[in-house]
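A.B. asks: Following this message is one structure expressed as structure tokens.
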Amino acid sequence: MEIGMKFRSILLAFSLVLAGLSSAAHAQAPALQGDAGSGKTLAYTCHGCHGIPDYKNAYPTYSVPKLGGQHANYIVAALKGYSSQQRSHPTMYSHAATMSDQDMADIAAFLQAEEVKAGNPAKGTPPAVTATCVACHGNDGVGITPDFPTLAGQQADYIEHSLHAYKSGARKNPIMAGFVTALTDDDIKAIAAYFSSQKGLCATDEVRKHGKCK
Ligand code: HEC
Ligand code: HEC
């Protein structure tokens, strides 16, 4: 009797674990296949800001991020971040909120184009403070998986803006939140200068005109 009870409670515990595992698996919806051709049409309005080199966001002032060559997975994650308001930006919210998951996948496939690849020789010496960052963002600033954004060639003032936003909690991300707490303003400047000077991302106009970053 006693053994029977124990056995049943072990079975119950085991099935709860299994249920937990399978619901976690369901939460991770399979990535949609993006159609770059359709993405090209859908991304038409994006070039007005992301296509112009050094176009600035106003209040606060910082350069609009480069998207050409960025990992498609990360572009989709960023768009979902705006539509769910995990990331707040009024213009990006109004764009992302009207997109279907398929639209996002298509746009991301187009913008990724010939994704920036790792392996470019690093320019300069990575500041010591980047030692933990490179595990995910790569020595040369190319995200080592499609979920880790490429920072190589990104606008320095946008990188600075992002790191300050993680620090203040204005931009919420459980992974990044832990890595920015100890960074000083000087660290942030050095990080941004290093990653922005690497060969990598481009303005979307290059992708529109040449099908890739030149
Ligand atoms: C009015 C200018 C403007 C337009 C038009 C615009 N964006 Fe943006 N976009 C921005 C700014 C500014 C940011 C940075 C916001 C922030 O600080 O989070 C941004 C951020 C992004 C990001 C996140 C980049 C990163 O590295 O995290 C993606 C992805 C993006 N935009 C995609 C698009 C797409 C796709 C379109 C067209 C459907 C578009 N944007 C249209 C200004 C614009
Ligand atoms: C464990 C992996 C990991 C480590 C380590 C890590 N990051 Fe990140 N980083 C991410 C992920 C994932 C994102 C995207 C988060 C989001 O959606 O906001 C990100 C986003 C960023 C962004 C914003 C990029 C953009 O286009 O908006 C910057 C800048 C950045 N990280 C810099 C750093 C720096 C500097 C360090 C080291 C101090 C670091 N990261 C350490 C995984 C990591």
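A.B. asks: Within the stretch 66-120, which trypsin sites (Lys or Arg not before Pro) sit in a loop by DSSP and count at most 13 neighbouring Cβ atoms inside 10 Å?
C.D. replies: Within the stretch 66-120, the qualifying trypsin sites (Lys or Arg not before Pro) (loop, at most 13 other Cβ atoms within 10 Å) are Lys117.
A.B. asks: Something else about it: For the stretch 88-149, treating each Cα as an identical point scatterer without solvent, what Debye log10 I(q)/I(0) comes out at q = 0.19, 0.22 1/Å?
C.D. replies: Reported log10 I(q)/I(0), two decimals: -0.85, -0.93.
A.B. asks: Near the amide H of Tyr62, under 5 Å away, which other amide H atoms are found, from residues 5 or more places off or on another chain, if H is placed in the peptide plane?
C.D. replies: HN-HN under 5 Å from Tyr62: Asn57.
A.B. asks: List the relative contact order of the chain as a percent without decimals, with contacts defined as Cα pairs under 8 Å and 6+ residues apart.
C.D. replies: 27 percent.
A.B. asks: Roughly how big is the chain's charge dipole about its Cα centre, with Cβ charges of +1 (Lys, Arg) and -1 (Asp, Glu), in debye to the nearest 20?
C.D. replies: 60
A.B. asks: May I pose another question? Net charge within 13 Å of Ser88 by Cβ-Cβ distance, Lys/Arg positive one each and Asp/Glu negative one each, not counting Ser88 itself?
C.D. replies: Cβ neighbours under 13 Å give a net charge of +3.
A.B. asks: Quote to one decimal, in nm, the extra length available between Thr91 and Cys136 on full extension: 0.36 nm per residue of separation minus the C-alpha distance between them.
C.D. replies: 13.3 nm
A.B. asks: OK, next. Cβ neighbours within 10 Å, averaged per peptide: list 33-39, 147-153, 172-178 in order, most packed at the top.
C.D. replies: 147-153, 33-39, 172-178
A.B. asks: Say R0 is 22 Å: what FRET efficiency, to the nearest 0.05, do Ile144 and Asn173 get from their beta-carbon distance?
C.D. replies: 0.80
A.B. asks: Under the Cβ-under-4.7 Å rule, which cysteines of the chain stay unpaired?
C.D. replies: Cys46, Cys49, Cys133, Cys136
Every number here is computed from the coordinates shown, using simple stated rules; none is lab data. Quick caveat: nothing in here was measured; it's all calculated off a predicted structure. For neighbour counting, all protein chains shown are included, and Cβ atoms are generated from backbone atoms with ideal geometry for every residue, glycine included.
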